[in-house]
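Worksheet for the structure shown next.
The values are calculated or read from the model by the stated rules, or taken from the named source; none is laboratory data. Remember, predicted model here, so these are calculated numbers, not experimental data. Note: ideal-geometry Cβ built from the backbone for every residue, glycine included; neighbour counts use all protein chains shown. SASA here: full protein model, heavy atoms, side chains in, ligands and nucleic acids out. Shrake-Rupley method; radii C 1.70, N 1.55, O 1.52, S 1.80 Å.
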Amino acid sequence: HKENEITFYKKITRLTKPNKEHEVSLMALGAAALKADLWGEARKFLMKLIHMNKATKETYQLLARLEQRETKSQKLESEWTAKALQAPADATWHCSSCGRTHDYWDANCKDCNAFNTLDWHMPGQSHQDKKTNNLLIDYLS
C-alpha cells in the first residue's frame, strides 16, 4: 500500500517537473507527499504555497492533517484548521454555460447538460490567468 503511494508521488513529481513552482503543481506534490507519509516534502510544498500567498482551504486542511499524522499535536492541527476556515476557496471546474461548479471534470455539465463547457477556475482569477491554468491542466492530464 505505502509502496503504491510512493510510486504515485514519484509520478506526480515527474508530471509537475516542467512547472514545479506553479500553485497547482505544489498542491499536487504536497497532497501526494502527505499520502506517502513524506512529511518533510509535504510541508515544504504546502508552506511554499503560503509564502507565495497562494494558500487555499485545501492547503491548510492538508497542513492540519500533516500535524495530526506527524506531530500528533492537536494544538497545531487546530491552528491550521482555523486558518482553513478563513482561507480563499479552492479552484473548481466551472460551467461557462450555467455557472454551476463541479468537483471533477466531465464532458457534460450535470445541471444544464452542455457539452465541453467545464473550465478550471480559481476564485478571483482573470480570464488570461484562467487560460494559463487550463493549459497547465491539459499538460498534466
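Please go through the range 20-37 and pick out each residue that is under 17 Å from residue 60 (Cα atoms) and free of Cβ contacts under 8 Å to residues at least 24 places away in the same chain. 29 - this is the single residue of the range 20-37 that is under 17 Å from residue 60 (Cα atoms) and free of Cβ contacts under 8 Å to residues at least 24 places away in the same chain.
Tell me yes or no: at least one residue of the range 33-40 is under 19 Å from residue 122 (Cα atoms) and not polar (S, T, N, Q). Among the residues of the range 33-40, not one is under 19 Å from residue 122 (Cα atoms) and not polar (S, T, N, Q), which makes the answer no. Output the residue which, of all residues in the range 54-63 that are under 13 Å from residue 83 (Cβ atoms) and surrounded by fewer than 20 Cβ atoms within 10 Å (Cβ to Cβ), is nearest to the chain's Cα centre (by Cα). For the range 54-63, the residue satisfying everything is 58. The set of residues in the range 71-91 being open to solvent by less than 40 Å² (accessible area, probe 1.4 Å) and either under 30 Å from residue 117 (Cα atoms) or assigned to a strand (DSSP E or B) (or both) consists of 84, 87, 91.
Inspection of the range 54-65 identifies at least one residue that is among the hydrophobic types (A, V, I, L, M, F, W, C) and more than 28 Å from residue 1 (Cα to Cα). For the range 95-105, the condition of being of a type in the set (D, E, K, R), open to solvent by 60 Å² or more (accessible area, probe 1.4 Å), free of Cβ contacts under 8 Å to residues at least 40 places away in the same chain and farther than 16 Å from residue 44 by Cα holds for at least one residue.
Go through the residues of the range 29-36 one by one and say whether even a single one is under 26 Å from residue 81 (Cβ atoms) and open to solvent by 50 Å² or more (accessible area, probe 1.4 Å). Within the range 29-36, one or more residues are under 26 Å from residue 81 (Cβ atoms) and open to solvent by 50 Å² or more (accessible area, probe 1.4 Å). Candidates are the residues of the range 109-141 that are open to solvent by less than 50 Å² (accessible area, probe 1.4 Å) and either at pLDDT 90 or above or part of a loop (DSSP other than H, G, I, E, B) (or both); the one that is nearest to residue 60 (Cα to Cα) is 122. Condition check for residue 29 on (1) in a loop (DSSP other than H, G, I, E, B); (2) closer than 20 Å to residue 121 by Cα: one failure, at (1).
Could you tell me which of the residues 10, 54, 17, 72 is touching a residue at least 12 places away in the same chain (Cβ under 8 Å) and out of contact with any strand residue (DSSP E or B) (no Cβ under 7 Å at 6 or more places or on another chain)? None of the other options fit; the residue is 54.
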